[in-house]
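Only one structure is covered here, and it is reproduced in the block below.
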Amino acid sequence: MIIWINGAFGSGKSSVAEAISLRIQESFVYDPEQVGYFLWDNFPENLKRKGCFQSLPIWREFNYKILGHISNNYSGTIIVPMTVFNRQYYDEIIGSLVGDGIAVKHFILSATRETVLARLLGRGESADSWAAQHIDLCIDAYDRDITEVKIVTENRSVDDIASEILELSGCAAAACRSSFRNN
């Protein structure tokens, strides 16, 4: 199973993914951004699209294929903390995985613009950073285009959010408890 944690940049995806990973013994956090960094590091300047490697079809294809390969060869839970706000890109990766019969539980971490901006500033980004400039676009996309299960993160702990995602994923059921780590 893949647990995909979506949300605006700065919404807490990586923190929640790590919290979930600590609670499931057989789990792996897969970061699609690493494929983007690889592409940026290995493409000549004229092939790079400034700002967002998600706009590169090869980035979407690689992540779809890598996640499919991992899912078909790994018995544990794959946790993917990644912002995807473009419906076409969502369909090309997540929709294609689901179409292949891979169980994908998709969640959107939801917070107000003010909260997300405060989190970005708290991690050292500026108010005019690329991530901050895309807050409204993400929030709008999750209200209009990508509307799966939203997890409200306002005034909640990372552990509480992780617990809700595990419950909604079916991993809080008795059948999944045996795979939880003892912490």
Practice prompt. Treat every Asp and Glu Cβ in the range 2-177 as -1 and every Lys and Arg Cβ as +1, leave all other atoms uncharged, and give the resulting dipole magnitude about the Cα centre to the nearest 20 debye.
Written response: 120
Worksheet entry | Under-29-angstrom lysine pairs by C-alpha in the chain, whenever the two are 8 or more apart or on separate chains | 10
Response to the item:
Sorted by chain and then number, the residues having a modelled amide H within less than 5 Å of the amide H of Lys105, at least 5 places away or on another chain, are Ile2, Ile3, Trp4
Practice prompt. Please give the contour-minus-distance gain from Phe28 to His69: 0.36 nm per residue of separation, less the Cα-Cα distance, rounded to one decimal in nm.
Written response: 13.4 nm
Worksheet item: In a solvent-free Debye calculation with one equal scatterer on each Cα, what is log10 I(q)/I(0) for the chain at q = 0.16 Å⁻¹, listed in the order of the q values?
Response: -1.03
Worksheet entry | Karplus-derived HN-Hα couplings along the range 34-48 (A = 6.51, B = -1.76, C = 1.60, θ = phi - 60°), whole Hz, x at Gly and Pro | 4, 5, x, 5, 4, 4, 4, 6, 10, 9, x, 3, 5, 9, 7
Worksheet item: If each of Ser14 and Ala127 carries a label point 7 Å out from its Cα toward its Cβ, how far apart are those two points in nm?
Response: 2.4
Practice prompt. Putting +1 on Lys and Arg Cβ atoms and -1 on Asp and Glu Cβ atoms, find which of Thr112, Ile139, Gln54 reaches farthest to the positive end of the dipole of the chain.
Written response: Gln54
Response to the item:
Percent relative contact order for the range 2-177, counting Cα pairs under 8 Å at least six residues apart, stands at 35
Worksheet item: To the nearest 0.05, what FRET efficiency results for Val152 and Ile58 with a Förster distance of 35 Å applied to their C-beta separation?
Response: 0.50
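Taken together, the values in this text are just the output of simple stated rules run on the coordinates, not laboratory data. A quick note: this is a predicted structure, and the numbers were derived from the prediction, not measured. Positions of Cβ are generated from backbone atoms using ideal geometry, with glycine treated the same way; all protein chains shown enter the neighbour counts.
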